[in-house]
Each structure stands twice: as structure tokens, then as C-alpha cells.
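This report concerns only the one structure given below.
The values are calculated or read from the model by the stated rules, or taken from the named source; none is laboratory data. Since the model is a prediction, treat every value here as computed from it, not as a measurement. Every residue, glycine among them, receives a Cβ derived from its backbone with ideal geometry; neighbour counts consider all protein chains shown. The area values use the complete protein model at the heavy-atom level, side chains included, leaving out ligands, DNA and RNA. Shrake-Rupley method; radii C 1.70, N 1.55, O 1.52, S 1.80 Å.
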There are 2 protein chains.
Amino acid sequence: MGTTQLDTVQEPKYWHLKTVLSDALDSEFAVGEILPNERDLAARFGVARATLRQALEQLELEGRLQRRRGVGTTVAPPRMGVPVDRSGHSWPGAPGDAWQPADAAAVDGGSVPPAVAEPLGVDAGDTVHVVRRTRVDNGQPVAAELLYVPAESVPGLATAAATGPVARARAVLQELQRLDLDGEERAVELGSARAEDAKQLDRLPGAPVLVVTTRYVTGGRTTAVSVSTYRADTCRLTFGDRDDVAVLTG
Amino acid sequence: MGTTQLDTVQEPKYWHLKTVLSDALDSEFAVGEILPNERDLAARFGVARATLRQALEQLELEGRLQRRRGVGTTVAPPRMGVPVDRSGHSWPGAPGDAWQPADAAAVDGGSVPPAVAEPLGVDAGDTVHVVRRTRVDNGQPVAAELLYVPAESVPGLATAAATGPVARARAVLQELQRLDLDGEERAVELGSARAEDAKQLDRLPGAPVLVVTTRYVTGGRTTAVSVSTYRADTCRLTFGDRDDVAVLTG
DNA sequence: TAGTGGTCTAGACCACTCA
DNA sequence: GAGTGGTCTAGACCACTAC
């Protein structure tokens, strides 16, 4: 807005800008509304476009804005709560889970990421089934997943029976249901979207994501590992021990 | 390294740079080692410093690098696993939890963030105790927390008894232990460090953080809410239902 | 084709750390 | 005081979207 000459305390311009914009978003804009373009905004605030962009990037990181190339910058809706654990442990693919199987492939144990191969105890020469799944909430893609299942864990799998990619994925998931599940162990960390994930999530490569790594434990052994990649800008991951979630914000 | 003229496919320079640097980190550098400074690196790769910095920022976001003004850029150790839930539910401040109480204050219900006030059901005029705690793992500050406890939840609290700030914090925590805890409900989302948190976490304002919001439920009502802010660059939050965590990576 | 955000440059100065 | 990363500028061109 006007001139702010209390720069006696050194506060980066982009930080101050972010605060001003954040307040403006609360008071003067509605969800979905399009902001002025970056060149105009920069001129209005008397800063270089790069500086303005630094402020916008922060606000996008916090889920306040959504930017789309060729379109513009819009005010983002509040983050959606995405339930990550289910009350009572269950295997992926159990009835009612939120994921859609996409395809499956059998790969060599040497080609899976070390962070996955290690807990599974697989090496080069072993076979690992990799199931791809996606998750759509509120009509929007929110997550992509790779589920790693050593062939050893599903000895009854009839590999030849399935014809299409989705059928192959379902076959692996169905075999998992036969096993007892003793427990799950999860880790959440910040990452950036690989090119492949970015495409599925409708974001640019490098976009911030929340990576959830889950170990599925049966009889003291890790029988499967999943790596789920959630859009960090639109998702708030929820972990509840009660069924009636759907609380807090909208 | 050398010239890479397979730019037939349009891939941003910073993205390619990031890949090259990431590989170099794996093969040519040890944890803690100092990289060449940004001006030298940019010259070496034949790009502007801003472009080089874009790649470094990504790698820092992924926890691969650590940058400190006036010092340099170093290779970061693998993220540490930080247990967020405890086996068996328990109140904050229960014996053995990883947090250090810092201080406590009684504030008006109108001045707590809406995302906290709403589930607690507090309004302006109500009194809410705010306990500040910090968490240090491996000699490094990893998280800062604000715990909101409505005065209504701890009617037995003797406010005048405590003398120092830490004692006041402990007094609130001790009162909590008297209540039954039916369940906890958590949410994890990406945020950026407020100036205050940044100082405690030894980071610059705006640094990416994982914000864990926990609702403590007693008899169907939310009796306390905590907002914990973890350094996203150094932490991997773990949620396990088994005691013997301490697995995966180092 | 016009307009948007995304990438990139070649500078400059500042805040901080440390010898 | 020398060297580091952090901020900022004023441009330019590119990739994408929508009309």
C-alpha cells in the first residue's frame, strides 16, 4: 500500500511484502479470485518482479496462493484434511481405502531406492512388485504412491492371470490381504516432486511435497513398503485414532 | 561438469544443475564437508549465481545441504528420525517425553489463532494458558511448541504458586496429568517459520517447517491443543505403533 | 496472438562469521 | 577486513493457456 518508512529495523522487503499480501488476502479477496499479474503487483509495490515473486512463493508454500503458468495467480482454498492412517490397521487395497490402483510391474531388487530396499531386505537378483496408485480427493489429485512388495511376500501371486495394468495391480493388492498385518510404521518428511510425480499431481517438477514412507510389518518382518507423495500446498495430513475425523477447518 | 548439449528436451538449467550436484554430493563429498562458494560454483557451471542458488535451495529443501550465512554451504547429514507419537497415549509433560518446558503465560481467548480457538471452543473473555516448549535432539534444536490449555481444563491450577517461568510451565503440565486422555488427533502440514520460531530453531524466518497440530481429547471434548514446529530440513517425523523404533537410516 | 507465470542473466549491496 | 550467503534490481526470453 502506501510508503512504509519504518525500515529502521532491517526486515527483508519480500518478508514485509508477504505480510501485506497475506493481510490483503484475508480482507480483500475471496477464494478462487485472480490476483493482478506479477508485473503489475511488483510495480504497485515498487519492487522488482523477482522480489515480488519471492513473497508469492512463500505464500504458495503456505497454501495461500495457487499459481498456474499461462493463467494467473489465484487465492487458494483452505488446505484439505487428508486422512493418512485408517482406524485399525489394514493393508493397502483393503475395502474402502482412498487409493486407485494404476498399474504394476516386477522389477529387480537392485533398482529400488536404497531407503526402500534396506528395510525390505532385498538385493539385486530379488524380484519386487511395484504397484502404482493415485489418490484423488474432492476431484483433485492429491497424492501418488509406489508400493513395493517383494515377490517373497506374496508367493501365491499368479503373475500370468492378469491381463491389463490395473488388473495386475489389483492382483498384488489382493494377495497382500491374505497376510496378517502386525503393524505399520510411518515417517513424514519434506521433499520435492520428481518429474514423474509432478505430472500426476498436476504440478511442476520440484514442487514441495510431503513424502510418507510406510513400513508394513508382519511377524516382525517388513513385508511391504509404500512411498506416498502428497501435494504439500493443498494437503494437511491427518493422523487420528478416532473414526469421526472430518473436524477442524473445512 | 562438462558441456551437456542434449538440451533438445527443454529442462530448466537449475533442475539439471540440481541433478549434477546431487550426484556429486553422493560420490565426491563427505558429510560436513564445505562446498566451494556460490560465486565459484556458478562460474564453474557457467550459470548466473541466481540460477545456481535455485539449485542449492532445492537441495537444501531436500535436506541434502545446509547453508549458513558468513560460513558457507556444507553437506548435511541424513535427516534424523524424530518420534512424534508415543506408544500409548499420554499428555505432554509425561515422564520421558522429549520436550523441555520454557515458560507459560495466561492469555485471552481472543488472541489465540482461530485454528486453535475453534476446536478448543474458547472465545474472547476466556483465559487460556500457553506453554512454550522446545525440543532438542542430538544436541540440535529441532522443534518449538506452543501448547494451549484453556483455564477451564485445569481448574485445580494454583496460578500463584510458581515463581519462575519454567516452574509456571511445569505447573500447567502437571495439572494435565490429572485428566484422563481418551485420544489424540494429529495433523501435519507444511509451513514457514515465523520470526519467533526461526530464532529458536536457529534458522532464518520463512524457513520451511513441518507443523504438527495435536488435539488432546478427554470425554469427547478437546481439552488442549498443541502446535509444534519442526525443522523440515533436518527432521523426518516418525509415527510408529511399535516401541522399537530407531530403525531405518541413521 | 496476447497475456500469464517460469527461467535466466549480470550485476550490486547488505548482514553475518571468523580470523 | 576478507569471505560467505542473503537480498534486490532491471532487464530479457521462454513455455504455456486461452481467446
Hey, A:Ala117 within 16 Å of DNA strand C (Cβ to nearest atom) and within 13 Å of chain B (Cβ to nearest Cβ) or not:
no
Flagged pairs (Cβ under 6 angstrom, 6 or more apart or on separate chains; first in segment B:176-187, away from chain A (no Cβ under 14 Å); second assigned to a strand (DSSP E or B)) are B:Leu179/B:Thr218; B:Asp180/B:Thr218
Yes or no: segment A:99-115 includes at least one residue that is part of a strand (DSSP E or B), within 16 Å of DNA strand D (Cβ to nearest atom) and more than 29 Å from A:Gly240 (Cα to Cα).
no
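Quick one: how many residues across segment A:12-50 are part of a loop (DSSP other than H, G, I, E, B) and open to solvent by less than 90 Å² (accessible area, probe 1.4 Å)?
11
From the residues in segment B:26-54 that are closer than 22 Å to A:Glu189 by Cα and more than 14 Å from every other protein chain (Cβ to nearest Cβ), which one is farthest from DNA strand C (Cβ to nearest atom)? Lay out the reasoning, then the answer.
From segment B:26-54, those closer than 22 Å to A:Glu189 by Cα are B:26, B:31-32, B:54; that's our starting set.
Remaining after also requiring more than 14 Å from every other protein chain (Cβ to nearest Cβ): B:31-32.
Details: B:Val31: 18, B:Gly32: 13 Å.
Applying the filter and picking the extreme gives B:Val31.
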Condition test on B:Gly70, is it within 14 Å of DNA strand C (Cβ to nearest atom) and either open to solvent by 70 Å² or more (accessible area, probe 1.4 Å) or part of a helix (DSSP H, G or I) (or both)?
yes
Candidates B:Asp103, B:Asp126, B:Asp137, filtered to the one that is charged (D, E, K, R) and either within 30 Å of B:Ile34 (Cα to Cα) or within 16 Å of DNA strand C (Cβ to nearest atom) (or both):
B:Asp137
On the basis of being within 7 Å of DNA strand D (Cβ to nearest atom), of a type outside the set (S, T, N, Q) and over 23 Å from B:Leu201 (Cβ atoms), does B:Arg68 make the cut?
no
If a residue has to be free of Cβ contacts under 8 Å to residues at least 40 places away in the same chain and either among the aliphatic types (A, V, I, L, M) or within 20 Å of A:Leu157 (Cβ to Cβ) (or both) to count, how many in segment A:74-99 make the cut?
3
Has segment A:73-85 got any residue that is out of contact with any Phe, Trp or Tyr (no Cβ under 6 Å at 6 or more places or on another chain), farther than 30 Å from A:Ser226 by Cβ and more than 16 Å from DNA strand D (Cβ to nearest atom)?
no
Only unsatisfied item for A:Gly125, checking (1) away from DNA strand D (no atom under 13 Å from the Cβ); (2) buried (at least 17 other Cβ atoms within 10 Å of the Cβ); (3) more than 14 Å from every other protein chain (Cβ to nearest Cβ), is (2)
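To keep it simple, each residue is scored yes or no on (1) charged (D, E, K, R); (2) surrounded by fewer than 17 Cβ atoms within 10 Å (Cβ to Cβ); (3) closer than 26 Å to A:Gln58 by Cβ; (4) in contact with a helix residue (DSSP H, G or I) (Cβ under 7 Å, 6 or more places away or on another chain).
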{"site": "B:Glu62", "(1), (2), (3), (4)": "yes, no, yes, no"}
{"site": "B:Ala76", "(1), (2), (3), (4)": "no, no, yes, no"}
{"site": "B:Arg79", "(1), (2), (3), (4)": "yes, no, yes, no"}
{"site": "B:Pro95", "(1), (2), (3), (4)": "no, yes, no, no"}
Within segment A:84-95, restricting to residues that are within 10 Å of chain B (Cβ to nearest Cβ) and within 18 Å of the chain's Cα centre (by Cα), the one that is nearest to DNA strand C (Cβ to nearest atom) is A:Val84
Residue pairs within 6 Å by beta carbon, gap of at least six or interchain, first lying in segment B:22-37 and touching a residue at least 60 places away in the same chain (Cβ under 8 Å), second within 16 Å of DNA strand C (Cβ to nearest atom), listed first then second, are none
Filtered residue count, segment A:182-201, keeping only those that are touching a strand residue (DSSP E or B) at 6+ places or on another chain (Cβ under 6 Å) and in a loop (DSSP other than H, G, I, E, B):
2
Would you confirm whether any residue within segment B:55-67 is within 16 Å of DNA strand C (Cβ to nearest atom), more than 14 Å from chain A (Cβ to nearest Cβ) and free of Cβ contacts under 8 Å to residues at least 60 places away in the same chain?
yes
Single residue of A:Ser153, A:Ser226 found to be of a type in the set (S, T, N, Q), more than 14 Å from chain B (Cβ to nearest Cβ) and buried (at least 21 other Cβ atoms within 10 Å of the Cβ)
A:Ser153
